[in-house]
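*Asks:* Okay, handing you the structure first.
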Amino acid sequence: MTAQPEEPTAPRDPGEDPAAIFDALPPSHRDQFRAEYDEALDAAHDLARFKQVQTLLRQWRLRAIAYARPGYDEAVQDALQGREESFVRYTPPGWEGRV
């Protein structure tokens with residue numbers, strides 16, 4: 001039997017279920033999510049502001065996925081410290097000179 005390298009797995013997508021998003025978040029972000037979610041729910045009593053809940057869940061869903069990616073914290077620190085060499089520059093075909 002030979003050992004095979006383990007393929008990196010993509011972070012699990014919690015969808016737009018608030019409990020799944022909460023569980024997927026690192027503990028350091030859960031209080032902020034809960035506060036913003038509770039605020040959005042209170043605002044949703046006004047039907048004109050109901051979409052605020054949907055928008056919040058979409059945003060936090062994407063954040064939960066991003067926070068779970070390997071190297072996320074290091075990438076944030078690289079960006080904050082201006083270490084541009086850490087980032088891959090990608091220009092889609094046909095876009096040279098347009099960006």
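*Asks:* Express the relative contact order of the chain as a whole percentage, based on alpha carbon pairs under 8 Å and six or more residues apart in sequence.
*Replies:* 28
*Asks:* Report in % the part of the accessible area of the chain that belongs to carbon and sulfur, leaving out ligands and nucleic acids; probe 1.4 Å.
*Replies:* 53
*Asks:* Grab the beta carbon distance between residue 45 and residue 66, set R0 = 35 Å, and tell me the FRET efficiency rounded to 0.05.
*Replies:* The pair residue 45/residue 66 has a calculated efficiency of 0.70.
*Asks:* Here's a follow-up. At 222 nm, what value in deg cm²/dmol follows for the chain if DSSP H runs of at least 4 each add -39500 (n - 2.57) and the sum is divided by all its residues, to the nearest 500?
*Replies:* It lands at -16000 deg cm²/dmol.
*Asks:* Taking a ≥ b ≥ c as the square roots of the Cα gyration tensor eigenvalues, with a/c under 1.5 meaning rounded and otherwise prolate when a/b beats b/c, else oblate, which class fits segment 60-99?
*Replies:* oblate
*Asks:* Can you list the DSSP H helices in the chain whose Cα atoms extend at least 18 Å along the helix axis and whose mean Kyte-Doolittle hydropathy is -0.5 or higher?
*Replies:* Span-like helices here: 51-68.
The values are calculated or read from the model by the stated rules, or taken from the named source; none is laboratory data. Quantities reported herein were computed from a predicted structural model and do not represent experimental measurements. Neighbour counts run over all protein chains shown; Cβ positions are idealised from the backbone, glycine included. Heads up: the accessible areas ignore ligands, DNA and RNA and are worked out on the full protein's heavy atoms, side chains in. Shrake-Rupley method; radii C 1.70, N 1.55, O 1.52, S 1.80 Å.
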